[in-house]
Amino acid sequence: MKISRLLLSVVTCLILLPTVYAQNSRKFDVVVYGGTAGGVMTAVAAAREGLSVALLEPGKHLGGMVTGGLSRTDFGKKEVIGGIALEFYQRAGKKYGRDIEWMPEPRIAEAILNEMIAEAKTVTVFLHHRLKEKGGVKKQGTRISEITLENGARFAGAIFADASYEGDLLAQAKVDFTWGRESSAQYGESLAGVRPKDRNHQFDFPVSAYDENKKLLPEIQTEPRGEIGAGDRKVQAYNYRMILTNDPANRLPFTKPSTYDPKRFELAARWLQGLAKEKGRAPRMNEILLPAQIAGKQKWDFNNRGAFSTDYIGKSWDYPNASYKRRAEIWADHKRYTQELFYFLQNDPRVPKETQAEVAAFGLAKDEFTDNDHWPYQLYVREARRMVGDYVVAQKDIQTELTKPDVIAMGSYNSDSHNVQRYVTPEGNAQNEGNMEVSVTPYHIPYRVLLPKKTQATNLFVPVCFSASHVTYSTLRMEPQYMMIGQAAGIAAKMALEKKLAVQDIDTATLKAKLLSLGAVMEWKKP
């Protein structure tokens, strides 16, 4: 499973670290900002079409969540995943000696992405290249002409793609965007806005929000919930997807964080004690955490489960429009929360001993994230900015109006939003709100989701922060879909350049035919 020395040398040559730059711009056919999996696939697809590509990543690793902790792939209906995304999972299978692997280890996923870039030949990767926080985008009319990075590097391109989770390039390009939740009235969405109590990830029995002195417990907001169906600027919870192992030879135990205060988890302790009473036994680990074994190894992807888990509810609201400094604080705060949560679950006397023992068998994997203290590279930014294009996909597009003439791929995962807030009920109890898990019938993803308004930008694609309502983004925001949308962006870039067209004006029938020839799936037949 190790990359060959030759391949490593090729990849190393492609990855350029920070340096002092001259005043001249570097020129490429396509400039992709954001080394997420969607960004990598945008770059690779464009390079396979013969274009020169700069792939700019603010961090030190490519892949976003695919290499940063999310190994349990959210595939929905596997039959709708095709094209370059399916190729990725087939390549993962070969690493493990099988046809396909949907849940590769992060280090293996990263190796595959680096291989694909090396094979594409005309992609140059620039790590540690973050967009200048202000004044980083230069436009001539509706065309982006150049971007400037914090280190002074300048990149000119005929086509740009913002493939970041945050949408910083599109925002500086003066492209319309939103964040948070629309009201039910805005797009006629019954699922929009503040939600009624959901059956999942909630407090299913009363748990007081106050201590004995009538003081609000930690991890509960002071703001009111809001009216059902009302829009807000609150964002669904983020977390770290933890890669843990119970192999003693590969396990690093969680140690007591210097910031740890057991009072922080009083609400969790009360919930666990109530859960034990309700069930007549100690809570099981898979009732408070969601472990998924990956690649058949003694290694698990741990996600959120239950009313109080790894989701850091209410602490993501600032993130979409925050400064770089504030975002770094949010990442660090999420890390502290997660470290303290696992220490609490493994050591606090208020946690039943059987539960403690089950969780304590797991620790960080020594062979993952080896240059980051074995901590995931990427905070799970489930949703930040969302572009508002001329066409915004909404609830009807995933429930009733399922086909599109400009189809580029398909989606099939639940409309899945994690909790947005934890508030105090009129009775004085803690309650979560915002969780949404509504099944969908596989639906077409239209090319239009990639496109800004033509009056605002004519040479920009947005494969990640695309044009969708919160309800619809909640089903489209899956890594395989980002990859497939990225592939369409890379191919469309070549079409726009060949014909000297705005990205809004390419022939979508030709794009569709090209994608189909490359194994894209645009029709689903119920098994």
So, with points 7 Å from each Cα along the Cβ direction, the residue 145-residue 499 label distance in nm works out to 2.6
Per residue, what volume in Å³ does the Cα convex hull of the range 68-171 take up?
-> 148
Starting from the Cα of residue 100, step 7 Å along the direction of its Cβ; do the same at residue 524; then give the gap between the two resulting points in nm.
-> 1.4
Mind giving me the FRET efficiency for residue 273 and residue 329? R0 is 30 Å, r the Cβ-Cβ distance, nearest 0.05 is fine.
-> 0.40
Probe 1.4 Å, accessible area per residue of the chain, Å² = 39
Determine how large the accessible area of residue 284 is when every protein chain is in place; take a 1.4 Å probe and give Å² rounded to the nearest 10.
-> 120
List the pair-distance distribution P(r) of the range 450-527, using every Cα-Cα distance, as the percent of pairs falling in each 5 Å bin from 0 up to the bin containing the longest distance, rounded to whole percents.
-> 3, 14, 21, 23, 21, 11, 4, 1, 0
In the chain, what % of DSSP beta bridges are antiparallel (nearest 5)?
-> 60
Once the mean of 1/r over all distinct C-alpha pairs in the chain is inverted, the Kirkwood radius in Å reads 23.7
For the range 125-260: relative contact order, % (alpha-carbon pairs under 8 angstrom, 6 or more apart) = 18
With a 1.4 angstrom probe the carbon and sulfur portion of accessible area for the chain, in percent, totals 50
Taking every DSSP bridge whose two residues both lie in the range 35-175, the antiparallel percent to the nearest 5 is 55
Order 377, 324, most accessible first, counting only protein heavy atoms with a 1.4 angstrom probe.
-> 377, 324
What is the range 273-389's relative contact order, in percent, from Cα pairs under 8 angstrom and six or more apart in sequence?
-> 21
So the pair-distance distribution of the range 232-377, from every Cα-Cα distance in 10 Å bins, comes to percents of 11, 39, 35, 14, 1
Given H placed on each backbone N at 1.01 Å, which residues far from residue 181 in sequence or on other chains put an amide H within less than 5 Å of it?
-> 232, 233, 234
Cα gyration tensor category, rounded, prolate or oblate, for the range 153-265 with a/c compared to 1.5 = oblate
Mean Cα-pair separation over length for the chain, i.e. relative contact order, pairs under 8 Å, 6 or more apart, % | 23
Dipole moment magnitude, nearest 20 debye, the chain about Cα centre, only Lys, Arg, Asp, Glu C-beta charged = 660
So the compactness index of the range 368-527, its C-alpha Rg divided by 2.2 N^0.38 Å, takes the value 1.21
To the nearest 10 square angstrom, how much accessible area does residue 179 have with a 1.4 angstrom probe?
-> 60
In sequence order, calculated HN-Hα J values of the range 399-404 (Karplus, 6.51, -1.76, 1.60; Hz; x Gly/Pro) = 10, 10, 9, 7, 10, 9
Which residues in the range 449-489 place their backbone N less than 20 Å from a point set 7 Å from the Cα of residue 513 along the Cα-to-Cβ direction?
-> 488-489
Checked the range 231-279 against the a/c 1.5 cut and the a/b vs b/c comparison, axes a ≥ b ≥ c from its Cα gyration tensor; verdict oblate
Between the range 254-285 and the range 445-512, the alpha-carbon center distance in angstrom | 45
Would you kindly give the portion of the calculated P(r) for the range 378-432 that falls above 17 Å, as a percent of all Cα pairs?
-> 62
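The values are calculated or read from the model by the stated rules, or taken from the named source; none is laboratory data. Computed from a predicted model, the values in this text were never measured in an experiment. Ideal geometry is used to build each Cβ from the backbone, glycine not excepted, and the neighbour counts take in all protein chains shown. When the accessible area is computed, the model is the full protein with side chains, heavy atoms only, and any ligands, DNA or RNA have been set aside. Shrake-Rupley method; radii C 1.70, N 1.55, O 1.52, S 1.80 Å.
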